[in-house]
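The values are calculated or read from the model by the stated rules, or taken from the named source; none is laboratory data. Small disclaimer: the values here were computed from a predicted structure and weren't measured. Note: ideal-geometry Cβ built from the backbone for every residue, glycine included; neighbour counts use all protein chains shown. Heavy atoms of the whole protein, side chains included, go into the accessibility calculation; ligands, DNA and RNA do not. Shrake-Rupley method; radii C 1.70, N 1.55, O 1.52, S 1.80 Å.
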Amino acid sequence: MSDPMRPRASLRTAVVWEVLKDALDRKAESAGSDALDVLDTGGGTGNFAVPVARLGHRVTVVDPSPNALFALERRAAEAGVADRVRGVQGDIHGLFDVVDRGGYDAVLCHGVLEYVDDPAEGVRNAVDALRPSGTLSLLAAGLGGAVLARALAGHFTEARRALTDPAGRWGEGDPVPRRFTADQLTDLVGKAGVEVGAVHGVRVFADLVPGALVDTEPGALDALLKLEAAAAELPAFHSVASQLHVLGEKQGPGER
C-alpha cells in the first residue's frame with residue numbers, strides 16, 4: 001500500500017491491502033473495465049479509499065464524521081485523485097439514504113461492525129450495495145488477539161472476562177464495543193448471501209512485538225511484514241489475530 005507504507009502504518013494495513021488490491025485487479029479484469037465503482041463504508045480519512053482511487057477506481061466514502069470527510073477531501077486532493085473520490089456523510093444502518101442499492105462492484109466494510117447496534121444488518125446493507133458477483137471486504141476486531149494481549153500484559157482477569165463476555169469486551173474501560181471470532185464473521189456474511197473466498201488474520205504478531213525492536217533492528221520491519229503475510233491465511237493463527245479480514249463474493253438468489 002504505497003501511501004500507508006510508513007513503518008507503523010504498514011504493519012496495520014499491508015496484509016489487507018495486498019489481498020484487496022489483488023481482488024480489485026481480478027474484478028476489473030473479469031468486468032473488462034479499468035475503473036470499478038467502490039464503496040468504502042466507515043472509510044474515514046481515506047486510508048484505503050485514496051490508494052484504491054490511485055488504482056484508477058471511483059470510490060464513494062460514507063462516514064458519519066464531517067471532520068473525517070474534510071480530511072478525506074484534502075487527502076484525495078493532495079494525492080491527485082479528487083475527481084475519483086466522493087465523501088458522503090452517513091452510516092451503515094442508513095446506507096441507502098445516501099447511496100444506491102446494488103450500485104457497486106466492491107464494498108469495503110472495515111472497522112465498522114464493532115461499533116454498530118446490529119452487525120447482521122450492517123453486513124446485509126453492505127452486501128445489498130453490491131452488484132451481482134460483487135466483492136465484499138470485511139475487517140473487524142478479533143476476540144483472540146484482545147484476550148492474548150490482556151494476558152501478556154498481566155491482566156488475567158480482564159483476559160478471562162473477554163473470553164466469556166458476549167461482546168468480547170474485557171471491562172468497562174474497553175474502547176472496543178464488540179469483537180468477533182472468525183466463525184462469527186463468516187456466519188454473518190454467509191447469511192447475507194456472500195460466498196467466503198478467504199479469511200485472513202491481521203496483526204497476528206505486530207501488536208505483540210516491542211516497537212523498539214521493529215524501529216531499531218535492521219531488517220526487522222520487512223521480516224515482520226513477511227511473517228504477517230505468511231501467517232495471515234493459516235487458520236491456526238486466526239484465533240490470536242488482533243483483526244480478522246473476510247473476503248467474499250455476492251451470490252445470486254439461486255446460489256444461496
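Just tell me, in residue order, which DSSP H segments of the chain are both 27 angstrom or longer along the helix axis (alpha-carbon based) and at least -1.0 in mean Kyte-Doolittle hydropathy.
Both cut-offs are met by 7-31.
For LYS191, LYS27, LYS226, write out the residues from largest to smallest accessible area, computed with a 1.4 angstrom probe and no ligands counted.
Values: LYS191 160, LYS27 30, LYS226 130 Å².
From most exposed to least exposed: LYS191, LYS226, LYS27.
On a C-alpha basis, how far is the centre of region 87-153 from the centre of region 194-227 in Å? Whole number, if you could?
Each part reduced to its Cα centre gives a spacing of 23 Å.
Under 25 Å Cα-Cα from LYS21, which lysines qualify once same-chain neighbours fewer than 8 residues away are excluded?
The qualifying lysines are LYS226, LYS250.
For ARG101, ARG203, ARG74, ARG169, what's the largest-to-smallest order of accessible area, 1.4 Å probe? Before the final figure, lay out the partial values.
Working: ARG101 150, ARG203 35, ARG74 115, ARG169 55 Å².
Of ARG101, ARG203, ARG74, ARG169, the descending order of accessible area is ARG101, ARG74, ARG169, ARG203.
Counting only C-alpha contacts under 8 Å and six or more residues apart, can you give the relative contact order of the chain as a whole percent?
Details: 497 pairs, mean separation 47.3, N = 256.
Relative contact order, the chain: 18 percent.
With the Cα gyration tensor of region 123-206 giving a ≥ b ≥ c as the square roots of its eigenvalues, does the rule (a/c under 1.5 for rounded; else a/b larger than b/c for prolate; else oblate) give rounded, prolate or oblate? Don't skip to the end; give the middle numbers.
Values: a/c = 3.04, a/b = 2.25, b/c = 1.35.
Prolate is the answer for region 123-206, as a/c is 1.5 or above and a/b outweighs b/c.
Roughly how many debye, to the nearest 20, is the charge dipole of the chain about its Cα centre, given +1 on each Lys and Arg Cβ, -1 on each Asp and Glu Cβ, and no other charges?
Values: 26 positive and 36 negative charges, 41 e Å.
The calculation lands at about 200 debye.
Rounded to the nearest 5, what is the percent of antiparallel bridges among the DSSP beta bridges in the chain?
Working: 15 of 36 bridges.
Of all bridge pairs located within the chain, approximately 40 percent are antiparallel.
P(r) for region 164-256, please, calculated from all Cα pair distances in 10 Å bins and given in %.
15, 34, 31, 16, 4, 0
Sort largest first and round to whole Å: the equivalent ellipsoid semi-axes of region 91-236, each the square root of five times a Cα gyration tensor eigenvalue. Let's see the in-between values first.
On the way: eigenvalues 182, 85, 35 Å².
After diagonalising the Cα gyration tensor, the semi-axes are 30, 21, 13 Å.
How large is the charge dipole for region 81-139, taken about the Cα centre, if only the Cβ atoms of Lys, Arg (+1) and Asp, Glu (-1) carry charge, to the nearest 20 debye?
Details: 5 positive and 10 negative charges, 59 e Å.
For this selection, approximately 280 debye.
Tell me, what is the percent relative contact order of region 1-141, built from C-alpha pairs under 8 Å that lie six or more residues apart? Provide the component values of the computation, followed by the final result.
Values: 247 pairs, mean separation 31.1, N = 141.
This gives 22 percent for region 1-141.
Return the calculated 222 nm mean residue ellipticity for the chain, to the nearest 500 deg cm²/dmol, obtained by summing -39500 (n - 2.57) across DSSP H runs with n ≥ 4 and dividing by the residue count. List each step's numbers first, then the result.
Working: 10 runs with 106 residues, N = 256.
Here the helix-only value at 222 nm equals -12500 deg cm²/dmol.
Can you give the relative contact order of region 69-147 as a percent, counting alpha carbon pairs under 8 Å and 6+ residues apart? Show your work: numbers first, answer last.
Numbers: 85 pairs, mean separation 23.2, N = 79.
Answer for region 69-147 is 29 percent.
What is the Cα radius of gyration of region 111-158 over 2.2 N^0.38 Å, N being its residue count?
1.62
Using square roots of five times the C-alpha gyration tensor eigenvalues, list the equivalent-ellipsoid semi-axes of region 8-158 in whole Å, biggest first. Kindly include the intermediate steps, with their values, before the conclusion.
Working: eigenvalues 143, 63, 57 Å².
Computed over region 8-158, the values are 27, 18, 17 Å.
Give me the extension gain from ASP187 to ARG74: residue separation times 0.36 nm, minus the current Cα-Cα distance, reported in nm with one decimal. Numbers along the way, then the final one.
Values: separation 113, 0.36 × 113 = 40.68 nm, distance 3.76 nm.
Answer, rounded to one decimal: 36.9 nm.
So for the chain, Kirkwood radius off the Cα pairs, Stokes-Einstein at 25 °C and 0.890 mPa s: how many µm² s⁻¹?
On the way: Rh = 18.7 Å.
Answer from the Stokes-Einstein relation: 131 µm²/s.
Kindly work out what percent of the DSSP beta bridges joining two residues of region 106-256 are antiparallel, to the nearest 5.
70
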